[in-house]
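Asks: This is the structure, below, for whatever I ask next.
The values are calculated or read from the model by the stated rules, or taken from the named source; none is laboratory data. On a predicted model such as this, the values are computed, not experimentally measured, just so you know. Glycine also receives a Cβ, built like all others from the backbone with ideal geometry; neighbour counts cover every protein chain displayed.
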Amino acid sequence: MTSISSASPGLSQNDPKNRLFGPLPDVSAEAGYVEEHPKRVGFFTDTSVCIGCKACEVACKEWNTLPMDDADGKRDAIGMSGMSYDNTGMLGANSWRHVAFIEQTRVVDLPMPAVGLPGAKNRPDVPQLGAPDTGDVDTTAKAQASVLNAEALAEFDPQTGQTGADKQIRWLMSSDVCKHCTHAGCLDVCPTGALFRTEFGTVVVQQDICNGCGYCVPSCPYGVIDQRKDDGRVFKCTMCYDRLTDGLQPACATACPTQSIQFGDLDELQARADARLATLQEQGVETARLYGRDEDDGVGGAGAFFLLLDEPEVYGLPPDPVVTTRDLPAMWKAAATGAAMMVGVALSAVLGSRRR
């Protein structure tokens, strides 16, 4: 059975006239920058080298003067989310960068010392738990010694509580951000022009024009855009548009100590990501994959894409995002056809009544 993705002709109808879906060679020119303009820029986030330091979160908040949030979204308050080290929880109007912490574990068999029944330690007439019923009074001591010997201690990992080949706990960390999609549904539905495409190919919100209608919030397939509760206006990552116009890199990429967040020309980042993926796969990391790299996906490719070490759902990302305005041309066509049919039926009824 052939699976149908969001980019399949069965869903998109592969209509070359549909400018709301499919690859676009030059998003800036499509937005009206007909004269010479900079190359499209973007983010490549390599999660395999993210250490979860949150330097990107801090730099983003500091540069953009974003207020603090507690777990309930209350501004200018510090709270705990209760989600491990993840205190921001998700992207929002006041958190344009979010470092996710994902702890992956599985049940493993570990060597455990025999402990015996309460009050029955070293009693030969009572079987010792976890030890063979040999009647040997030294069974418990021998079992403990087998675990606490020098070799076991050398292999024991105090962070995971596991030994040797049983070390199956790992942390996955990733700095999430607005994807600056090739086809941005938020931009398509904005009635005031508050959302616009820059000459760098990024998508930016103009807060002084936003009227707080909220149409863009459900139009984002990634759930990135969020409204502030006090005035209803939306806020999201601008890829530091003010810094780009001055020839500087975004604050988050500048602050990242491991180059997990890389900024540059999008085509160069894509080539770099392809090479990095090939290297990891050669090293046996079979679960490594690129997310948002494919220009044939449901949003025409993202301006901020990722190298993941597991399924997108593990990181809280949709597996097959589709721009919400993709089917608007077909919907308008169907509506026009339906309206024409209704007019035809009405005319037929009127003409038929006159003949009588």
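Asks: Sort out which residues of the range 179-200 are out of contact with any Phe, Trp or Tyr (no Cβ under 9 Å at 6 or more places or on another chain) and either under 24 Å from GLN249 (Cα atoms) or surrounded by fewer than 21 Cβ atoms within 10 Å (Cβ to Cβ) (or both), and write them in order of number.
Replies: THR182, ALA184, ASP188, THR192, GLY193, ALA194, LEU195, PHE196
Asks: Out of ARG293, ARG243, ARG228, report the one residue that is basic (Lys, Arg) and at pLDDT 95 or above.
Replies: So the residue among ARG293, ARG243, ARG228 that is basic (Lys, Arg) and at pLDDT 95 or above is ARG243.
Asks: Scan the range 208-226 for residues that are more than 17 Å from the chain's Cα centre (by Cα) and under 21 Å from HIS183 (Cα atoms) and jot them down.
Replies: Filtering the range 208-226 for residues more than 17 Å from the chain's Cα centre (by Cα) gives 208-216.
Result: CYS210, CYS213, GLY214, TYR215, CYS216.
Asks: Right, another one. I'm checking my understanding of the structure. Among residues of the range 276-304 that are farther than 16 Å from SER260 by Cβ and among the aliphatic types (A, V, I, L, M), which one is surrounded by the most Cβ atoms within 10 Å (Cβ to Cβ)?
Replies: VAL299
Asks: Now a separate question. Looking only at the range 171-214, count how many residues are of a type in the set (S, T, N, Q) and touching a residue at least 40 places away in the same chain (Cβ under 8 Å).
Replies: Total meeting the criteria: 5.
Asks: Right, something else. For a quick check of your reading: which strands (runs of 3 or more DSSP E) sit entirely within the range 245-313 and have at least 2 residues that are touching a Gly at 6+ places or on another chain (Cβ under 9 Å) and farther than 15 Å from VAL177 by Cα?
Replies: Values: elements: 261-265, 289-291, 304-308.
The strands (runs of 3 or more DSSP E) meeting that bar are 261-265.
Asks: Suppose we keep only residues that are out of contact with any strand residue (DSSP E or B) (no Cβ under 8 Å at 6 or more places or on another chain) and of a type outside the set (Asp, Glu) within the range 238-253. Which one would you say is surrounded by the fewest Cβ atoms within 10 Å (Cβ to Cβ)? Break it down into steps so the answer makes sense when it comes.
Replies: Step one: filter the range 238-253 for residues out of contact with any strand residue (DSSP E or B) (no Cβ under 8 Å at 6 or more places or on another chain), giving 240, 242-243, 245-248, 251.
Then drop every residue that is not of a type outside the set (Asp, Glu), which leaves 240, 243, 245, 247-248, 251.
Values: CYS240: 23, ARG243: 16, THR245: 12, GLY247: 6, LEU248: 12, ALA251: 20.
Checked the range 238-253; the qualifying residue surrounded by the fewest Cβ atoms within 10 Å (Cβ to Cβ) is GLY247.
Asks: With the checklist (1) within 24 Å of VAL314 (Cβ to Cβ); (2) not in a loop (DSSP other than H, G, I, E, B) in hand, flag the one item ASP242 doesn't pass.
Replies: (1) is the only condition that ASP242 fails.
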